[in-house]
Every structure is written in C-alpha cells, then in structure tokens.
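Read-outs throughout are calculated quantities, based only on the coordinates presented, and are distinct from any laboratory measurement. These numbers were taken from a predicted model, which means no experiment stands behind them. All Cβ positions, glycine included, derive from the backbone under ideal geometry; neighbour counts span all protein chains shown.
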Amino acid sequence: MTSAAASALAGLVRRLESIGPLSAVERRAVADLPVAIRTLPPRCPIVREGDRPSQCCVVLQGWLCRSNVLGSGKRQIHSLHIAGDMPDLQSLHLPVMDHNLDTLTPVLMAAIPHEALRDVIAAHPGVAAVLWRSTLIDAAMVRQWMVCLGRRAALEHVGHLLCEMYLRQQAVGLASGFQCPLPVTQSDLGDALGLSTVHVNRVLQTLRAMSLITLQNGTLRIHDWERLVALSEFDPTYLHVEAASA
C-alpha cells in the first residue's frame, strides 16, 4: 500500500468513528481496504445519471456535489460533499445512478471497489452499522434541504446552509473559530438554494451588512453565530454533531 493510500484510509477510519464506534479489528479491516487515489480538476464528472458504478469514492480534499440536470440545462444541486464524505455509498445497493456526482473544486479522492467494501461489511457488522447510520444522517440532511427549498425565505435559507457547512466541517477538523472554507461559486450556491446568482449575491451582501458573516476568497467567517442561528431557525439535530462552540 502506498503512503498516499494509507493516509486516505486513516482519514476514512476517523470519519467513520465520528459517526459511530468501531473496534480495533473493525478499524483495521477498514484500513486494509484497497483504494485507488485520483486527482480531479473542477467541474469534472465522477459518475453520471444512468451509470452503473463498480466503486465508491471517499473525498480526501475538495468539494463535490450531487445534482440532477433538466432537459433545459437547469441544474439542481441537492447535496454538497466535503473531505471525509462517501457521497455514493448508495451505489452498493442501487446499481443505477439516479443523479450526477461532480467536482466543484480540485478534488483528491480515493476509490474503493464495491466487492471489497461488501466483503468488509459482511465480515464486520460494526462497520455495516456505522455505514447504515451514515446513510440515515444523509437522509436527514435531504429532509432539511427540502424544507429549506420549499418553505424558507431566501435570507433564512442562505443562513441555514452556511450554518450547516460550518458545523459539518468543524466535525471533521476543517473549521474552527467560526471560520471555514467555502470555495464554491455564487452560481453553485444558487443551484443548491434554488435562487438566481443575483439573488444569492444580494442575500450575502445583506448578511454582511447585518454584521453576521463575511465571505471572501473562498473563506466564510461567521461574526455572530447565535444571531445567524436565530435568523435561520437552524437546529443542528439533523446533523448529529456537537453544536459549535466559541
């Protein structure tokens, strides 16, 4: 195993243990999974709707998104994925992809063959339980995004997404002190929020004028966490991570 592969697997183990407990034997089983390391540019497709993938990917660096694209070319992003995520785990049991998975930024990823992952799951129920829990958390996030798309005003919706992305990155050691990367374009945010780029820009400027956030050079700074949470009616329960602290 290369040093890059070993590092990738260590990150996967840490991510799984942030979701649920693993024994020493289970940690070793995950660490011994075969992986192929890939470096991808921005705007690069990983799998497309209708594909039949034979592997799952683990994000090591960078951001991915799941999306569907209409015949008109309009895109709806329905999840954002950061380091530590395994965004196509469902392909183990749903062989035909019903959405696209693309890079938003330069990405370093590890690909794990389905058969190897199935063997570990069959041999280690504790690993299976943690992966199952991760899919339940993923489903909880989808429900929150549906509520935001359908019922939240734009200001609340943008604030809610910013709170989510900060806490998710904090949980895997990518954010602290109410500061985190947010390296996506306003067009990408619009496709995730169901808003035009102009509307996204206007809302971000409003949040800045309220002294709640600044977003500059791909870095988000939250200046008043409690006020942003209150404005967005953000309840982090669905993420199943600890709330942010000062």
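For a quick size check, give me the Cα extents of region 3-139 along its three principal axes, largest first, whole Å.
50, 29, 24
Between region 165-243 and region 37-53, how far is it from one alpha carbon centroid to the other, in angstrom?
26 Å
State the three equivalent ellipsoid semi-axes of region 25-96, derived from the C-alpha gyration tensor as the square roots of 5 times its eigenvalues, in descending order and whole Å.
Gyration-tensor ellipsoid for region 25-96: 25, 15, 11 Å.
Tell me the label-point distance for the pair Ala116, Asp51, using the 7 Å Cα-to-Cβ offset, in nm and rounded to one decimal.
1.8 nm
What FRET efficiency, computed as 1/(1 + (r/R0)^6) with R0 = 41 Å and r the Cβ-Cβ distance, is obtained for His78 and Asp32, rounded to the nearest 0.05?
Efficiency at R0 = 41 Å is approximately 0.80.
How large are Rg and Dmax for region 152-239 when only the alpha carbon atoms are used, in Å?
Reported Rg and Dmax, both Å: 11.9, 32.
Could you tell me how many cubic angstrom of Cα convex hull volume the chain has per residue?
Once divided by residue count, the hull of the chain is 124 Å³.
Using Cα pairs under 8 angstrom and six or more residues apart, how large is the relative contact order of region 3-139, in percent?
With pairs under 8 Å counted, the relative contact order is 34 percent.
Could you work out the helix-only [θ] at 222 nm for the chain, with each DSSP H run of four or more residues adding -39,500 (n - 2.57) and the total divided by the number of residues, to the nearest 500 deg cm²/dmol?
Value at 222 nm, helices only, nearest 500: -14000 deg cm²/dmol.
Report, in whole Å, the centroid distance computed from the Cα atoms of region 67-86 and region 94-154.
About 13 Å separates the Cα centre of region 67-86 from the one of region 94-154.
Please give the charge dipole size of the chain, origin at the Cα centre, charges +1 on K and R Cβ atoms and -1 on D and E Cβ atoms. Round to the nearest 20 debye.
Once rounded to the nearest 20, the dipole reads 360 debye.
Using DSSP to define loop residues, name the GluC sites (Glu not before Pro) in region 153-246 whose beta-carbon has at most 15 other beta-carbon atoms within 10 Å.
Qualifying residues, ordered by number: Glu233, Glu242.
Does anyone have the angle between helix 125-151 and the longest principal axis of the chain? Alpha-carbon axes, 0 to 90°, nearest 10?
The angle comes out at about 20 degrees.
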